[in-house]
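The next block holds one structure in the form of structure tokens; read it before the comments.
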Amino acid sequence: EAEVAQSPRYKITEKSQAVAFWCDPISGHATLYWYRQILGQGPELLVQFQDESVVDDSQLPKDRFSAERLKGVDSTLKIQPAELGDSAMYLCASSFSSPKSTDTQYFGPGTRLTVL
Amino acid sequence: DAKTTQPNSMESNEEEPVHLPCNHSTISGTDYIHWYRQLPSQGPEYVIHGLTSNVNNRMASLAIAEDRKSSTLILHRATLRDAAVYYCILRSNAGGTSYGKLTFGQGTILTVHP
């Protein structure tokens, strides 16, 4: 069964350093999402791509976070500089078609970030 | 966005049915009811969704109240593998900035005892 791949699974960094996370969605999935999940809370959407275009980045802290999906396939989420409050699980998800209220989002295993 | 209310936690015994409630009194006519679950150390996974009628799939059943202000996710025979956080989510079909958005709350932590 096809899965969303993410790497690394775990990342420890010091504050003010740069970090990057990679996501490879299920083949053929046009929509890609990045979520952040703080311990004890549900995931929160950071950015949503339709093919290579950003369609929603309203919750992305743009002073330090950036995301790209250059060829409309895999994607990278970057934080520079990292802050202590960025410690969280970063989840990538994908879905086959344009967002609608019935499509299924498939999630990867996430990257656990710890900022020291 | 319409909100959902779920109990913080529930417990069940293995091989017994589990009924996970969700209240959504401000649901609009175009909102779909979705359930996702998140196993420990994994990303969320889709469980089931519905609009007005009750729905069944291989994982669970979804019972939707006639007025749509509440719903219940039913696991017919809980296994240890069903221990997870279960999220009840309303997804708007009305267009605009909320269209299709998956907005997670805190969910219900389900503990299954052997």
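The values are calculated or read from the model by the stated rules, or taken from the named source; none is laboratory data. Just so we're clear, the structure is a prediction, and the values are computed from it rather than from any experiment. Every residue, glycine among them, receives a Cβ derived from its backbone with ideal geometry; neighbour counts consider all protein chains shown.
A quick yes/no check of all residues on (1) over 18 Å from B:THR72 (Cα atoms); (2) at pLDDT below 95; (3) surrounded by 18 or more Cβ atoms within 10 Å (Cβ to Cβ); (4) of a type outside the set (S, T, N, Q):
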residue	(1), (2), (3), (4)
B:ALA2	no, yes, no, yes
B:MET10	no, no, no, yes
B:GLU16	no, no, no, yes
B:TYR32	no, yes, yes, yes
B:GLN38	no, no, yes, no
B:VAL47	no, no, yes, yes
Output yes when any residue across segment A:84-97 is under 21 Å from B:TYR87 (Cα atoms) and of a type in the set (D, E, K, R), and no when none is. no
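This table checks each residue for (1) buried (at least 22 other Cβ atoms within 10 Å of the Cβ); (2) free of Cβ contacts under 8 Å to residues at least 60 places away in the same chain; (3) charged (D, E, K, R).
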position	(1), (2), (3)
A:GLN59	no, yes, no
A:ARG64	no, yes, yes
A:THR104	no, yes, no
A:PHE107	yes, no, no
A:LEU113	no, no, no
Does A:ILE26 satisfy being under 15 Å from the mean Cα position of the chain (by Cα) and more than 24 Å from B:GLY105 (Cα to Cα)? yes
All-but-one check, A:ILE79 against (1) more than 14 Å from chain B (Cβ to nearest Cβ); (2) of a type in the set (A, V, I, L, M); (3) farther than 24 Å from B:SER41 by Cβ, failing number (3)
Just name the residue that is nearest to the chain's Cα centre (by Cα) out of those in segment A:55-73 that are of a type in the set (A, V, I, L, M) and either more than 14 Å from chain B (Cβ to nearest Cβ) or within 25 Å of B:THR108 (Cα to Cα) (or both). A:ALA67
Please specify each residue of segment B:1-47 satisfying the condition of being out of contact with any strand residue (DSSP E or B) (no Cβ under 9 Å at 6 or more places or on another chain) and among the small types (Gly, Ala, Ser). B:GLY29
Out of the residues in segment A:24-51 meeting the condition of being within 12 Å of chain B (Cβ to nearest Cβ), of a type outside the set (A, V, I, L, M, F, W, C) and not in a strand (DSSP E or B), tell me which one is surrounded by the fewest Cβ atoms within 10 Å (Cβ to Cβ). A:GLY40
Take segment A:82-106 and flag every residue that is of a type in the set (A, V, I, L, M, F, W, C) and within 14 Å of chain B (Cβ to nearest Cβ). A:ALA88, A:MET89, A:LEU91, A:CYS92, A:ALA93, A:PHE96
Pairs only if they're at least six apart or on different chains, beta carbon under 9 angstrom, first in segment B:39-62 and under 22 Å from B:ILE109 (Cβ atoms), second of a type in the set (Val, Ile, Thr) and assigned to a loop (DSSP other than H, G, I, E, B); list them, first residue then second. B:GLY43/A:VAL4; B:TYR46/A:THR104; B:HIS49/A:THR102; B:HIS49/A:THR104
Count, please, the residues in segment B:60-114 that happen to be away from chain A (no Cβ under 14 Å) and modelled with pLDDT under 90. 0
Give B:THR108, B:THR103 a once-over and let me know the one that is under 19 Å from A:ASP103 (Cβ atoms), touching a residue at least 40 places away in the same chain (Cβ under 8 Å) and in contact with a strand residue (DSSP E or B) (Cβ under 7 Å, 6 or more places away or on another chain). B:THR103
Please pick out the residue among A:LEU60, A:LEU70, A:LEU91 that is farther than 27 Å from B:LEU90 by Cα and among the aliphatic types (A, V, I, L, M). A:LEU70
So, in segment B:23-64, exactly how many residues are of a type in the set (Phe, Trp, Tyr) and assigned to a loop (DSSP other than H, G, I, E, B)? 0
